[in-house]
């Protein structure tokens, strides 16, 4: 890959936007060429516009870039055709189709279109074949542009742990309780008065997202749509006083009987991207930890550069079959890294090249179908 | 009740021992007459022996008391006949039968004998009738002494929320994930390096205790023993960075169909101790909170002076029937307050009066039966 | 005092407003008769308008009260003549003079007028005589109305510890580093992402307030104005992950030589309000703790119902003379309790009775003098 | 440097020992050849002996190494001649001289001998010339062995910030208040019950160490000894709920007048190791941050791979001349990294080569002189 793909970031000053910048510094395939944010920031240097909140320095080249208005590429506008989007759902719902209509590949972390029937909700290790839904998008036919989404931060860890088990044994019932880090709420996000020495047993819409997204991700592409997995699922979502790293207590009922050893082997052998050389993909996406008191957010969230999911404490469940603990880094594997890995997958499939649309006409209307209104 | 019962505290310098002292200051029925702790403390004034860790001042009368050796009442020893015990399980296993054999009413917070077939595991609002097991104890026949226990701190909140539902609708399956405060581990307990900005998905033996104790508490006294509730139960126990207050995400399957309104009404009407005037019993033991993000440890743990349990977020469960959140104060309702309330119940039943044993002979051997070896 | 003074609260839904409500429940002298907040809340019931964040229940009578618009008493308005104000400085600067001009006694926690030359900045134990400045206010002469302020939450603990030493030995130099609780910033206030596992070495304007207010409080009323104490002072203000309770590391240089014992005795003997029976005043306003690792926020902030200040660790200083640690509860002694105690002092002096103004004409112009622009 | 120096670690399972292992993985000059710990661990594999608490994986080669007894090299023992020591002070006091007497270069993080007149207390950027004290040690003359120490974790940040100012302007008075991370107390260290939502204003012996070590580090080697800096210093040491990173609020009085710009320039130009290419030395040891609310532990502690010190908030002081905030990573720059950098300095000076002792006879007696008994 001689020259890098120029990419743009929508929502560049927010928490996920900052993570894109951090993770894309020195990326072998992508180069940040354009940064857009709200009108308040537009026209400023990025250094002026941002309250940089990461523990690595703001790269100097990025600091000096000027923040652009959030307008799609046009004759008078040099926005690139590959857009990493990190907008709030309400804004994304309006903005992302505009970029797709203008011919962009919109790789998004927003929840706005995750559940739209013709928008792929993808984790490369899990359901790369769902990318076919791109071809069902109206913009794709006219301009080549399209939208691809990644799941909610709490969904990713769960699905990564479940997928290999689903493949080999089938999953019938899923019970999950989350203990989620505050960074999942962005910045300023959770007030310290709410979370110091406390647990908040509620995150708006989180349980609904987690339940619906999990079944779509584990679902099957059949013709022009994805049929969600026919399993029963329930989520209890809680916020805890952790900076980064979502913990989940999980119980499952399998279709086929499995032993403890078989489950561990299934996770160990799960390397669906082996040989594809996506730069951000971890060698071992699901990592087992044998110590009885692990995984823990502080100690395990950075495995695989924050892209691996850690499972531990596998033991029989008194209600379903098995129970275990899952941890994933919510702003890397669960957000910015997920988007980047989706873009890498698209690049490896040649879907980021310009001029490849089919010929049928169509555009995103800006009025998403009902299913897309899922926040 | 003209004069107060003199009581003694075993394990007076520990975290639960300190809570006994705090909660018994100005108690209308009980007066602390004797404090015992390890050999290291024995002979010192209590003020010297203790590292007082509560946010109310150490009462001056108690501060000046001399710590006694942990020896049962005898000719040469003025230990009282009512003992509030807060010993570690290993020590309790050896020590509590000695006090029972010496004619004491041992009201204990320890796990050592909770699961022994002839030891009542009691929450006054839940299963006062299990106290009959006292009469099955060998020491009771010889000296009048006996042992009564209260459950683990994580069990109490769950059982308080479940009991009224079990009575009216029957419970078939129970799923619970805990997020437990550090004070549950005593002092020094959980290292700060383990819990700051972290979650620890493991507390030794906690899941086993919680599962077994819940079924015994909800079980039925039949003849000389308790038959545990025939329900399936699974617990995931986690430690979080909270000082006091255990949160629990719960799902249940009922035998009979119930509506949202019926469940709320069942909790609201649950006042099993009404009219008994036990000083530490809360008027409303299970309190509903309607706000979507409650209960929370910091805001709700002190309801009913720390003796009420708060439930919230009742909603349908995708796997079982209903799901909700429970909170209880782990060192008050879940430990010291539980012991005191048990003692109040015993007092109201006349079981703390001396000289009431039956005539059959017997003593605790010091070798608990197998079932009692539950830590 | 047969009937209670009806009082109103300006800024009733904020963090300090909530504390007023909590602390005034069952107050023997004052009764809440009127609640005002921003236009957004006006017309709603208080229960609807507030996000109640305290760990005691919202009193039912208050919950049902209707929130009034923030308008001073008039023919068409039944706002009471005693106003407890808890507004942001910018709003207070405009609003408080309107209420004073309308004849109200405005007892305020805001910083807006603390440094105005004719506004008393008062702690009853420290400088009650500064209340004379009321008579220098233009509104006082026309309508009887006036403004009285209490200091910043970080100032009060320091000044309480210094005052007795200043009286007996004189203070020449003051060095203070604060470690301040997040509740000092109100709600939502400090984002959890900023403070979990962190220290923020900056609180806007806090150091300037603390330095200026300390010298005014310890200053002398001379004729029509207060001459600040002629001491050198420097403050380092930091925010830490504590819910309530400001800690301060203090070093001082005295004018006269003092021994360790003399300093302790000076604090112990400091009971300037003895015999005045103000309901909220602690018996022992400055409390010494002898343990080497105390005071601590969690264990000591509630001394004297949150109104006492705790000092500890007195030892020689290698640069100045002595060093020690001070703790005070920032939202009780440092905010709502301070206002209430000021109101109690005013009541005991007969200054809350209507119709006592002098005859000279005058009104607050709404344009505070330069010194008042101190945020 | 063709082959690496084999080194041993004393106290390999503790918090600092683990950091040595983490930081020495892939070190270009040193290779871990020997691990020793207490008798409890001796004979086990390192993986079995350690509770690994870092967020990078335990290196596999190290995991498989067998833990040796803590005995100095001898005929029957293959302990290496370069020892990185991380023992508790009481054990170090006895053990370190044994290794020095056996011919080892003992590079230590312990406080046991820091203040001994003939033991260098060294930070390479500050006072490399103090290493001459090695030649004053009795063991050096007989076996070539010697001891070198680095300062307390709270001292290093302060001294790094002060040294360039001392060189250019002279320092007369130093005032410092620390807010120290829990990792400074090792593991299990600070109980969570003590620090969650709390500040502890006391760390045993910390203030004394910080004051004495600072003056020795800034002192001058004169003949056979170091004359401490003749400045007045006072330290207030506090523990806060931070995992890693010590914050310090500092005020200083200078001998010569300096402007804000001169102070910033002095820090910027401070590169005393430039050109020496010590692998662990940061390019810019003292880094200025211009944002008003920085440095912060979470965001700045890892600058220079945890080896740089960050200063911010420089402003005039109302008591002394200037005040500012300092941050340093307490377990990297303040402990394990400090030891490693000292070893690198010794290597670059040829002091780690065997067989270079002078000829005078002598041994450490095991009875340290009085000054060394400083814990």
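Values quoted throughout were computed directly from the atomic coordinates according to the rules given, and no laboratory measurement underlies them. Bear in mind the structure is a predicted one, so any value in this text is a computation, not a measurement. Counting neighbours? That spans all protein chains shown, and the Cβs are built from the backbone with ideal geometry, glycine included.
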Exercise for the section: Be a star and scan the stretch D:165-194 for residues whose amide nitrogen sits under 18 Å from the point 7 Å along the Cα-to-Cβ vector of residue D:276. Expected result: D:165-168
Problem - the stretch C:180-332: radius of gyration and largest Cα-Cα distance (Dmax), Å - result: 16.8, 50
Exercise for the section: May I ask you to derive the relative contact order of chain B, considering only C-alpha pairs under 8 Å and at least 6 residues apart, and to give it as an integer percent? Expected result: 20
Fill in the blank from the handout: Connecting every pair of Cα atoms under 10 Å apart in chain B and solving the GNM, the largest mean-square fluctuation among B:191, B:201, B:316 falls on B:191
Fill in the blank from the handout: When C:294, B:271, C:303 are ranked with the fewest other C-beta atoms within 10 Å first, the list becomes B:271, C:294, C:303
Handout entry: Footprinting exposure proxy for D:84, D:324 (fewest neighbouring C-beta atoms within 10 Å first)
Key = D:324, D:84
Problem - Nearest-to-axis residue of chain C, judged by beta-carbon position, where the axis maps C onto A, in Å - result: C:192, 2
Handout entry: Mean Cβ neighbour count within 10 Å, used as a protection proxy, ranking A:346-353, C:342-349 highest first
Key = C:342-349, A:346-353
Practice task
Calculate the length of the line joining the C-alpha centroid of the stretch A:204-266 to that of the stretch D:105-128, in whole Å.
Solution key: 55
Problem - Considering only the protein assembly as shown, percent of DSSP beta bridges that pair antiparallel, nearest 5 - result: 45
Problem - Length-normalised contact order of the stretch D:1-141 in % [C-alpha pairs under 8 Å, at least 6 apart] - result: 21
Completion exercise
Shielding of D:311-318 by other chains, given as the mean Cβ count within 10 Å, works out to 3
Practice task
Kindly express, to the nearest 10 degrees and within the range 0 to 90, the angle between helix C:153-169's C-alpha long axis and the longest C-alpha principal axis of chain C.
Solution key: 60
Handout entry: Residue with peak Gaussian network fluctuation, chain D [Cα springs, cutoff 10 Å], from D:43, D:318, D:337
Key = D:318
Practice task
Mind ranking D:254-261, A:66-73 by how tightly packed they are, going by the mean number of other C-beta atoms within 10 angstrom, highest first?
Solution key: A:66-73, D:254-261
Fill in the blank from the handout: So the FRET efficiency between residue B:205 and residue D:33, C-beta based with R0 = 41 Å and rounded to 0.05, is 0.50
Practice task
Working from Cα positions, state the angle (0 to 90°, nearest 10) between the long axis of helix D:206-217 and the longest principal axis of chain D.
Solution key: 90
Problem - Residue-averaged [θ]222 nm for the protein assembly as shown, counting only DSSP H segments that reach four residues, each worth -39500 (n - 2.57) - result: -7500 deg cm²/dmol
Practice task
Figure the gain on full extension for residue D:76 and residue D:349 (residue separation times 0.36 nm, minus the Cα-Cα span) and round it to one decimal in nm.
Solution key: 95.3 nm
Handout entry: Cβ neighbours within 10 Å from other chains - mean over C:199-206
Key = 6
Problem - Additional length obtainable on full extension of the chain from residue B:47 to residue B:257, 0.36 nm per residue less Cα span - result: 70.0 nm
Problem - Degrees separating the helix C:337-348 axis from the principal Cα axis of chain C, which is the longest one - result: 70
Completion exercise
Rounded to 0.05, the calculated FRET efficiency for the beta carbons of residue B:61 and residue B:40 at R₀ = 25 Å is 0.65
Handout entry: Highest-first arrangement of A:49-57, A:176-184, B:161-169, where packing means the average Cβ count within 10 Å
Key = A:176-184, B:161-169, A:49-57
Exercise for the section: Between the alpha-carbon centers of the stretch D:1-44 and the stretch B:285-309, tell me the distance in whole angstrom. Expected result: 51
Problem - Contact order relative to length of the stretch B:153-330, as percent, for alpha carbon pairs under 8 angstrom and 6 or more apart - result: 29
Completion exercise
When D:249, D:45, B:251 are arranged by how many other beta-carbons sit within 10 Å of their Cβ, fewest first, they go D:45, B:251, D:249
Practice task
Mind listing the label-point distances from residue D:69 to the same position on all other copies, shortest first, one decimal in nm, points 7 Å along Cα→Cβ?
Solution key: 3.8, 8.0, 8.8
Exercise for the section: Determine the principal axes of the Cα atoms in the protein assembly as shown, then give the extent along each, sorted from largest to smallest and rounded to whole angstroms. Expected result: 88, 81, 80
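May I ask you to derive the FRET efficiency for residue B:315 and residue A:90 from their Cβ-Cβ distance with R0 = 22 Å, giving the value to the nearest 0.05?
It comes out at approximately 0.35.
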Practice task
May I ask what percent, to the nearest 5, of DSSP beta bridges between residues of the stretch C:153-330 are antiparallel?
Solution key: 65
Fill in the blank from the handout: at residue D:230 the sorted inter-copy label distances (label 7 Å from Cα on Cβ side), in nanometres, are 3.2, 9.1, 9.2
Practice task
Please average, across the residues of D:174-185, the number of beta carbons from any other chain that are within 10 Å of each residue's own beta carbon, and give a whole number.
Solution key: 5
Completion exercise
Treating every alpha carbon of chain B as one equal point scatterer without solvent, the Debye formula yields log10 I(q)/I(0) values at q = 0.10, 0.11, 0.13 Å⁻¹ of -0.60, -0.73, -1.03
